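A quick write-up on the structure given underneath.
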Amino acid sequence: MPRWMRHLIRPAFDPAETAVRQIERLGFTREDVRHIIVTHLDMDHIGGIADFPHAKIHTTAAEMLAAVVNPGRRERARYRRVQWAHGAQFVEHGPGGESWRGFPAAQELTAIAPGLVLIPTPGHTRGHACVAVDSGLRWLLHCGDAFYHWGAIDGRAAIPWSVKAMEALATYDREKLLENRQRIAELHRGDDHGLRIVSAHDPADLAACVTPT
Ligand SMILES: [Zn+2]
């Protein structure tokens with residue numbers, strides 16, 4: 001990870017926080033993980049996939065083109081081929097599908113299990129997607145990097161300059177990013193208590209992961 005990125009997002013390089021260690025603490029083994037659905041293939045989102053060589057990695061066909069098959073000049077700088085060099089078993093999901101709560105084309109991944117929905121939301125990257133999960137109690141919408149800070153969705157808090165800078169640097173298509181963010185904001189304004197929306201980088205969402213709410 002480049003130094004500027006480390007400075008802006010300040011990841012905790014603690015082996016105890018890796019996905020494989022957290023899963024083991026829940027009483028499972030890495031072999032129990034058969035499918036991983038990623039929002040996108042940026043380096044700070046797939047650092048742990050090599051720990052699960054038996055798992056299928058699900059992503060959009062557009063993200064596969066951007067990261068693996070035919071990356072453009074700027075895209076080559078954001079992805080790290082070494083992260084899938086162990087022979088990651090990618091499963092691509094093409095465009096199309098049914099509407100899901102305001103998004104025009106989503107796909108329920110019933111081949112894995114019911115209640116898992118891949119929702120293409122390009123903008124941050126060429127093939128970024130949100131992932132909706134039916135937890136049984138309520139739906140969870142993992143928005144990945146579709147927004148970095150809740151201020152961009154509800155406008156209640158100022159967005160720190162460092163977050164704005166990071167987001168601007170990482171945006172592939174600003175028009176699509178804002179279009180999809182608008183859909184997320186409308187979903188939030190709809191006040192659907194059955195839906196919890198989370199972002200990958202918002203500090204409040206990260207804190208809630210440590211102390212579940
Ligand atoms: Zn990203």
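Which whole-number percent gives the relative contact order of the stretch 56-166, counting Cα pairs below 8 Å spaced six or more residues apart?
On the way: 149 pairs, mean separation 20.6, N = 111.
It rounds to 19 percent for the stretch 56-166.
Which of rounded, prolate, oblate describes the chain, given a ≥ b ≥ c as roots of the alpha-carbon gyration tensor eigenvalues and a/c under 1.5 marking rounded, otherwise prolate only if a/b is larger than b/c? Because its axes are fairly even, with a/c under 1.5, the chain counts as rounded. Stretching the chain fully between residue 19 and residue 191 yields a gain of 58.8 nm (0.36 nm per residue, less the alpha carbon separation).
The mean accessible area for residues of the chain, using a 1.4 Å probe and ignoring ligands and nucleic acids, is 56 Å² per residue.
Spin-label model, residue 65/residue 154: points 7 Å from Cα along the beta carbon direction are separated by 3.7 nm.
Put simply, the amide H of residue 90, placed in the peptide plane, has neighbours under 5 Å in 57, leaving out anything fewer than 5 places away on its chain.
For residue 35, the residues whose amide H sits under 5 Å from its own are 56, ignoring neighbours fewer than 5 places away on the same chain, with H placed 1.01 Å from N. Across the chain, Cα pairs under 8 Å and at least six residues apart give a relative contact order of 17 percent. Once both labels are positioned 7 Å from their Cα atoms along Cα-to-Cβ, the gap between residue 175 and residue 81 label points is 3.2 nm. Extension gain for residue 113 to residue 140 (0.36 nm times residue separation, less C-alpha to C-alpha distance): 8.2 nm.
The values are calculated or read from the model by the stated rules, or taken from the named source; none is laboratory data. Quick caveat, the model's predicted, so the values are computed rather than measured. With ideal geometry, Cβ positions are generated from the backbone for all residues, glycine too; neighbour counts draw on all protein chains shown. Ligands, DNA and RNA are excluded from the accessible area calculation, which covers all protein heavy atoms including side chains. Shrake-Rupley method; radii C 1.70, N 1.55, O 1.52, S 1.80 Å.
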